[in-house]
Structures are given as C-alpha cells and as structure tokens.
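Novice: This is the structure, below, for whatever I ask next.
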Amino acid sequence: MGLKIDPKTLEPKADDVEAYDLFRGLLGNDFYGQIIDTLEKQGGYVRGHPGRIADAGTRRYYVFPYDWRQDNVVTARKLDALIDQIRQDYGDSKLKVDIVAHSMGGLITRYYIQYGVTDVLGSNDFAANFEGADKIRTAVLLGTPNLGSVNSLHSLLFGHHVGWQAIPVEALATMPSVYELLPHPVTNWIVDIKGQPVQRDLFFVGTWMAYQWSVFDPAVEERVKARNPSSIEGQQQIDVLHDYFAKRIERARRFVWSLSYNTSETAPVRLVVFGGDCTLTPARVVEEQDSIHAPEGHAAVRLLPKDIHNPEPSIDYSRLMLEPGDGEVTKPSLLARQSLDPTVSRSDDVFFPLAYAFFLCSDHEHLTGNINFQDNLLNVLLERERPWEQPPAGSPGAAR
C-alpha cells in the first residue's frame, strides 16, 4: 500500500499499482454505483471510453480513476490527458467538459483549473494561468476538504483504517497526497486546554519533530527498524523517511497556498459545492500539558474530547473540537471558510469562487448515493445556461 522512496531524489518510485476503474461498492458501502445509475437511467448518459470516436448527439460520462496516493499535481496532468483524449474523440479541440469530483478529487480539479499541467510548487510564486479553465464548463465538488481535514492529521499520527485493513503511519507517510489534505494554515486547527488558539506551523517539519509525530514517533521508528535485517539498514530507512517527510510537508504547504492564492479579479470557472453538515466532524485538536504520562512540561495533543485527561470544567470540548460536517470534512472546510458564523467573511487569503453550495444529511462515504445530490446534480449538468445567481429549483438547503 505504501510507496517506495528513492533515497537519492526523495521521490516516490513507480510501482505496478494502476487505477483502472471506479469501484461501485466496497464492504457493503455503495460509493459510486448509485451516481452512475442516476447518470445513465435518469440523465440519459452512456459511458464513454477514451480512444473511441464519440458523436456530439449522445451524452457521455467518463470515469477518471487515479492512484490517490500520488502527488495531486501528477494526477492533474493525467486529468488533462484524459480531457485532451475526449476532445480528440469528439473531433472538437474547443470542447469543454463538466467535472464531478468527490473528496480529494475536488482539490485536483481546483488545481487543474488554475494551473493546468504546470507545476507551480517549486517556488512560492503561484501565478494562476487558468489553463485548465479553458477545458471545463462546470466543476462540481462533492465533500471536498477545501481548507483541509483534521482527520488527515489523525491519520498521519496513528494510521488509517480502510474496511478491515489498517494502513500504518509509516506507509501513509510515503503518500504525497496525504500531506496535501492537512488543515490549511488559515484555520484554527489547534487550541490549548482553555480553548485559546496556539500558534503552531503544521507545514514546518520542526513542529512534527518537536511533538514526535508520525515518522518522528519513537514507536514508529522501532517498527521500521524491526522490518530491516540490520540496525544500520533500519536507521538508514528512518533517515530517508525523515528527509522525505520534510520534503513532502514543504511541497504540501505550497500546494494548499497555491489553491488559495490568486491575483485575478475574475474566475473563469465557478464552483458548485455539495457536502454534508449533519455529522460532528473533527475540526481542531487540543494541546494539553501532560505531567502524568510524560515528563513535566511535555505538551501532548488530544485528538478527540474523550482523550483529554484534565478538562477545564467550564469548557465544552465537543463544541470546541467538533463541527458539523460529513465525518471527514467540516462544513467550514467545504465552504473554504474559517468559521461557521455566516457574518464572518471568508479570509482575504483564500481564493474560492463559489457559485453556490448545497448541504446534505449524509456522511462522507454516502454522499454520492444521496438522492438530493443526484437530483440536483442532474439539474446542474443538464442546464443549458448557468444562472449562478439562483440555486437549482427545489433546493431549500442551498446557500450562496
């Protein structure tokens, strides 16, 4: 599951894992089956196959499976190749497509709209060229963590479970995309035991080293050593992981800011956003001084309210640490806002050309199967015009 690292370049090595299709369901969960059925049965779409001639008289949908472990810029380039192939199949070099992107796919879509295939993450200059926007008519983002997800921090600290399979920290840390899901610097992602913001730079490797997080955790280091035939090789592997982590966390910093930064006053593509707001979702962690389980003065980070050892009686830690969302993505992150308070404007540091948003009462894994999403998605896709000033008919939960 993890990627192998080239110790000289600190880049992931190519492996034989290839994404070839969307999975309709997994372990009893219907991820994409219902949305495909809706497109076909209600929308009149038929599945298109890249490389086959397509006529303009038939609505087609194309699936874009990708290796979700890889750097999102790498995936954006593969998205561009698919769109170019579709244009070639239709014999129309000016054809624009509609994109429906779930979760991290929305971040890939946003990057592609602003930069096309250009990798702007080699420096801090994020001048948008909007090359991808020329090929997109409508972008629909479903459950996208536009200001990151605290759950991604949880995963990098303690691993992640997919069904019955556990992905350990040291495997997740080899995946570039995981870093690019971390909470945006403008968010208030960490507070002290009294609920006051704590200034910590999540995209600075020194923060991870100071807290002994992720690959800097002695327990993780011991696991890595145990899987190597000698202590020397084990230490070499740990050193590579440490250096790789430092490189990926810096690139992730540039990635999240590249999506936020834009000097243009116009947005060639406005974003239609769908997401959940009925499930309490991790929004911030609490730093607590832990003198019982560690030396005096040691700062420990609590991920959930139940983890706090010495709570302040006056503070409701559930309200402090959790916010409405879909279990993975909070409502503010979905909307690229720092606050749930509608009177608080979006940060001037965040570029997010929202057309409108529609909220669903579904968790992250079941958003695609939500009937209200399916109905309104068809409304968006089949409209001839794009009157973004008004949400689709029958959308009482829509909001600008």
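Novice: Go through the range 196-230 and report how many residues are hydroxyl-bearing (Ser, Thr, Tyr) and loosely packed, with under 14 Cβ neighbours inside 10 Å. Please lay out each step first, then the result.
Specialist: Going residue by residue through the range 196-230, those that are hydroxyl-bearing (Ser, Thr, Tyr) are 207, 211, 214, 230.
Next cut, loosely packed, with under 14 Cβ neighbours inside 10 Å only: 230.
Residues flagged as hydroxyl-bearing (Ser, Thr, Tyr) and loosely packed, with under 14 Cβ neighbours inside 10 Å within the range 196-230 amount to 1.
Novice: Which one is surrounded by the fewest Cβ atoms within 10 Å (Cβ to Cβ) among residues in the range 118-150 that are β-branched (Val, Ile, Thr) and in contact with a Leu (Cβ under 9 Å, 6 or more places away or on another chain)? Even if it seems obvious, please write down each step before you answer.
Specialist: Within the range 118-150, the first condition is being β-branched (Val, Ile, Thr), and the residues that meet it are 118, 120, 136, 138, 140, 144, 150.
Within this subset, residues satisfying the condition of being in contact with a Leu (Cβ under 9 Å, 6 or more places away or on another chain) are 138, 140, 144, 150.
Details: THR138: 18, VAL140: 23, THR144: 26, VAL150: 28.
Step by step, filter the range 118-150, then rank; the result is THR138.
Novice: Looking only at the range 37-53, count how many residues are surrounded by fewer than 17 Cβ atoms within 10 Å (Cβ to Cβ) and among the aliphatic types (A, V, I, L, M).
Specialist: Selection size over the range 37-53: 2.
Novice: So, one more: When the range 104-130 is examined, which residues are found to be part of a loop (DSSP other than H, G, I, E, B), modelled with pLDDT of 95 or more and in contact with a Ser or Thr (Cβ under 8 Å, 6 or more places away or on another chain)?
Specialist: VAL120, LEU121
Novice: If you go through the range 194-223 one residue at a time, how many are over 23 Å from GLU328 (Cα atoms) and part of a loop (DSSP other than H, G, I, E, B)?
Specialist: Adding up the residues that qualify gives 6.
Novice: Would you check if there is a residue in the range 383-398 being within 27 Å of ARG284 (Cα to Cα) and modelled with pLDDT of 85 or more?
Specialist: Restricting attention to the range 383-398, the residues satisfying the condition of being within 27 Å of ARG284 (Cα to Cα) are 397-398.
Adding the requirement that they be modelled with pLDDT of 85 or more leaves none.
Looking for residues that are within 27 Å of ARG284 (Cα to Cα) and modelled with pLDDT of 85 or more, one finds none in the range 383-398, hence no.
Novice: Give me a count of the residues in the range 311-346 that are in a loop (DSSP other than H, G, I, E, B) and touching a strand residue (DSSP E or B) at 6+ places or on another chain (Cβ under 7 Å).
Specialist: Kept after step one, since they are in a loop (DSSP other than H, G, I, E, B), are these residues of the range 311-346: 311-316, 327-329, 335-346.
Still in the running and touching a strand residue (DSSP E or B) at 6+ places or on another chain (Cβ under 7 Å): 327-329, 335, 340.
Result for the range 311-346: 5.
Novice: Pick out the one residue from LEU141, LEU153, LEU157 that is outside any loop (DSSP other than H, G, I, E, B), touching a residue at least 60 places away in the same chain (Cβ under 8 Å) and either over 14 Å from LEU182 (Cβ atoms) or among the polar types (S, T, N, Q) (or both).
Specialist: Numbers: LEU153 fails: either over 14 Å from LEU182 (Cβ atoms) or among the polar types (S, T, N, Q) (or both); LEU157 fails: either over 14 Å from LEU182 (Cβ atoms) or among the polar types (S, T, N, Q) (or both).
Every option except LEU141 fails the conditions.
Novice: Another question about this same structure. Exactly one of these conditions fails for LEU39: (1) of a type outside the set (Asp, Glu); (2) part of a helix (DSSP H, G or I); (3) at pLDDT below 90. Give me its number.
Specialist: Of everything listed in (1) of a type outside the set (Asp, Glu); (2) part of a helix (DSSP H, G or I); (3) at pLDDT below 90, LEU39 misses just condition (3).
Novice: Also, quick follow-up: Given (1) free of Cβ contacts under 8 Å to residues at least 24 places away in the same chain; (2) in a helix (DSSP H, G or I), where does ASN228 come up short, assuming only one miss?
Specialist: The number of the failed condition is (2).
Novice: Here's a follow-up. Given ALA76, ALA81, ALA101, ALA56, which one is among the small types (Gly, Ala, Ser), under 30 Å from LEU182 (Cα atoms) and surrounded by fewer than 18 Cβ atoms within 10 Å (Cβ to Cβ)?
Specialist: Numbers: ALA76 fails: surrounded by fewer than 18 Cβ atoms within 10 Å (Cβ to Cβ); ALA101 fails: surrounded by fewer than 18 Cβ atoms within 10 Å (Cβ to Cβ); ALA56 fails: under 30 Å from LEU182 (Cα atoms).
When all the criteria are applied, what remains is ALA81.
Novice: Continuing with this model, one more query. Answer yes or no as to whether TYR61 is more than 22 Å from LEU334 (Cβ to Cβ) and of a type in the set (Phe, Trp, Tyr).
Specialist: On the way: more than 22 Å from LEU334 (Cβ to Cβ): yes; of a type in the set (Phe, Trp, Tyr): yes.
For TYR61, the condition - more than 22 Å from LEU334 (Cβ to Cβ) and of a type in the set (Phe, Trp, Tyr) - is met.
Novice: A further question on this structure: How about the range 171-185: which of its residues are within 17 Å of ASP243 (Cβ to Cβ) and in a loop (DSSP other than H, G, I, E, B)?
Specialist: Result: ALA173, THR174, MET175.
Novice: So GLY275 fits all but one of (1) in contact with a His (Cβ under 8 Å, 6 or more places away or on another chain); (2) closer than 30 Å to ASN129 by Cα; what number is the exception?
Specialist: (1)
Novice: Mind checking whether some residue in the range 10-19 is part of a helix (DSSP H, G or I) and at pLDDT 90 or above?
Specialist: Taking every residue of the range 10-19 in turn, none turns out to be part of a helix (DSSP H, G or I) and at pLDDT 90 or above.
Novice: Within the range 237-258, identify whether any single residue is among the aliphatic types (A, V, I, L, M), under 24 Å from the mean Cα position of the chain (by Cα) and over 28 Å from LEU320 (Cβ atoms), and answer yes or no. First the steps, then the outcome.
Specialist: Keep residues of the range 237-258 that are among the aliphatic types (A, V, I, L, M), which gives 238, 240-241, 246, 249, 252, 256.
Filter once more, so that each one left must be under 24 Å from the mean Cα position of the chain (by Cα): 241, 246, 249, 252, 256.
Adding the requirement that they be over 28 Å from LEU320 (Cβ atoms) leaves 241, 246.
Yes, some residue in the range 237-258 is among the aliphatic types (A, V, I, L, M), under 24 Å from the mean Cα position of the chain (by Cα) and over 28 Å from LEU320 (Cβ atoms).
The values are calculated or read from the model by the stated rules, or taken from the named source; none is laboratory data. Note that the structure is predicted; figures quoted are calculated from it, not measured. Note that we place each Cβ from the backbone using ideal geometry, even for glycine, and neighbour counts take in every protein chain shown.
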